[in-house]
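Comments concern the structure below.
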Amino acid sequence: MPVLALAGGLAMAVAQWLVFSHAPIEAQMKLTQKIFYLHLPLAWWALISFTVVFAASIAYLRTKNPRWEILADSAAEIGVVFAALVLATGVIWSKAAWWRWWVWEHRLTTTLIMWFIYSAYLVLRGLDMPKERRAAIKAVLGIVAFLDVPLVFFATRLWESNHPVGILSAKDGLEPEMRLTIFACLAALGLFWGGLLLCRCRVARLEERLAAFGEGKGDY
């Protein structure tokens, strides 16, 4: 975890230098375009977070090991925060590119639905019921909710969309400096995401131990 935190911090610093000093200013959107270098990595790692929730939920239902529940919960928390930031940066982009704060197009709509579903997953943690049953309900929702993840990813290919298609393909029209910057931002945020996930899992395990100690020791 400390290694990932240090590597992530250094990588984020390098990525910011690439964004504001290396990547050229886009001709039409000017400096507003640079939000793309945050928006896209946040979206990718939000989807990866929810994929981890999906896999960990399956593992929990098969093994009943609470470590899988902790991993699913931690990934869901990070994914919800990242998805919220995706929506926030998206509305800024929308205002600059399409002159409206919100456009009801398929990728934006499916992303908003995804955010609500996984926010509901987090709310389930407060249900007053036996722990094992609550964990099973969360796991089922973590599996079912994943159905929206590929819809978000493939929305621009399934339906007509204002979002560009194949943004990182060989024919995306990005300058080499822009492509290098976006991949650097993806890698930097990935290191940060990994450190954050490990940190949240560790905190959750300590919370579990403290709760068990409190139940055994009364009013500690």
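Considering the stretch 53-67 alone, what residues qualify as being aliphatic (A, V, I, L, M) and either surrounded by fewer than 20 Cβ atoms within 10 Å (Cβ to Cβ) or out of contact with any Leu (no Cβ under 7 Å at 6 or more places or on another chain) (or both)? Hits for the stretch 53-67 are VAL53, ALA55, ILE58, ALA59, LEU61. A single entry from ALA43, ALA136, ALA72 fulfils the requirement of being modelled with pLDDT of 90 or more, of a type in the set (A, V, I, L, M, F, W, C) and in contact with a Gly (Cβ under 7 Å, 6 or more places away or on another chain): ALA72. Evaluated against (1) in contact with a Gly (Cβ under 9 Å, 6 or more places away or on another chain); (2) at pLDDT below 60, VAL165 falls short on exactly one condition, (1).
Just one of the numbered conditions (1) in contact with a Ser or Thr (Cβ under 6 Å, 6 or more places away or on another chain); (2) within 19 Å of GLY90 (Cα to Cα) is not true of ILE113; which one? With respect to (1) in contact with a Ser or Thr (Cβ under 6 Å, 6 or more places away or on another chain); (2) within 19 Å of GLY90 (Cα to Cα), ILE113 is out only on (1).
Pairs are defined by a Cβ separation below 9 Å, a sequence spacing of at least 6 or placement on different chains, a first member in the stretch 113-132 that is within 22 Å of ALA212 (Cα to Cα), and a second member that is small (Gly, Ala, Ser) and assigned to a helix (DSSP H, G or I); the pairs so defined are LEU122/ALA76. The one condition from (1) of a type in the set (A, V, I, L, M); (2) in a helix (DSSP H, G or I); (3) surrounded by fewer than 17 Cβ atoms within 10 Å (Cβ to Cβ) that ILE70 does not meet is (3).
Scanning the stretch 68-86 for residues that are over 15 Å from ALA204 (Cα atoms) and more than 8 Å from the chain's Cα centre (by Cα) yields ALA84, LEU85, VAL86. Could you go through the stretch 21-28 and let me know if any residue there is at pLDDT below 85, in a helix (DSSP H, G or I) and within 23 Å of PHE183 (Cα to Cα). Checking the stretch 21-28: at least one residue is at pLDDT below 85, in a helix (DSSP H, G or I) and within 23 Å of PHE183 (Cα to Cα). Residues that are more than 13 Å from the chain's Cα centre (by Cα), in contact (Cβ under 8 Å) with a residue 40 or more places away in the chain and within 17 Å of PHE192 (Cα to Cα) do not occur anywhere in the stretch 45-67.
Going through (1) closer than 16 Å to PHE192 by Cβ; (2) out of contact with any Cys (no Cβ under 6 Å at 6 or more places or on another chain) one by one, ILE35 falls short only on (1).
You will find that of ALA139, ALA96, ALA83, the residue that is surrounded by 19 or more Cβ atoms within 10 Å (Cβ to Cβ) and either in contact (Cβ under 8 Å) with a residue 60 or more places away in the chain or in a loop (DSSP other than H, G, I, E, B) (or both) is ALA139 and no other.
Is there a residue in the stretch 99-114 that is among the charged types (D, E, K, R), modelled with pLDDT of 90 or more and under 23 Å from CYS185 (Cβ atoms)? The answer is no; no qualifying residue exists.
Yes or no: the stretch 86-93 includes at least one residue that is more than 26 Å from LYS30 (Cα to Cα) and among the small types (Gly, Ala, Ser). No, there is no match, as no residue in the stretch 86-93 is more than 26 Å from LYS30 (Cα to Cα) and among the small types (Gly, Ala, Ser).
The values are calculated or read from the model by the stated rules, or taken from the named source; none is laboratory data. These numbers come from a predicted model, not from an experiment. No Cβ is skipped: glycine too gets one built from the backbone with ideal geometry, and neighbour counts run over all protein chains shown.
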